[in-house]
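This report refers to the structure that appears directly beneath it.
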Amino acid sequence: MHARMAKRLAQTPPSQRGLFNRVYAGWATQRQCIRAMCLECLGFDKDGIRNCTAPECPLYRFRPYQK
Ligand code: SF4
């Protein structure tokens with residue numbers, strides 16, 4: 001694993017490390033990769049992702065945790 005990946009994993013909440021391990025190993029689906037990106041973007045705040053205020057983001061329509 002690349003050193004930057006290991007550093008980022010160490011900063012990832014334990015509940016999300018499985019997801020990021022799959023992403024870094026290349027086993028994650030596109031949907032899981034998007035979830036990982038959004039979680040990182042908003043500091044692992046699921047409500048923040050649901051209420052994301054950046055419709056200009058290319059991932060906006062695909063972000064997780066929408067109702
Ligand atoms: S959709 Fe929102 S939370 Fe997801 S990456 Fe884009 S700006 Fe960040």
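Can you say whether ARG31 is charged (D, E, K, R), loosely packed, with under 14 Cβ neighbours inside 10 Å, touching a residue at least 24 places away in the same chain (Cβ under 8 Å) and part of a helix (DSSP H, G or I), as far as the supplied structure shows? In short, yes. Selection of region 34-60 for residues being over 11 Å from the mean Cα position of the chain (by Cα), in a helix (DSSP H, G or I) and more than 8 Å from the ligand (Cβ to nearest atom) yields ASP47, ARG50.
Read-outs: derived from the displayed coordinates by stated rules, not from any lab. Remember, predicted model here, so these are calculated numbers, not experimental data. Because the Cβ atoms are built from the backbone with ideal geometry, glycine has one as well, and the counts that use them run over all protein chains shown.
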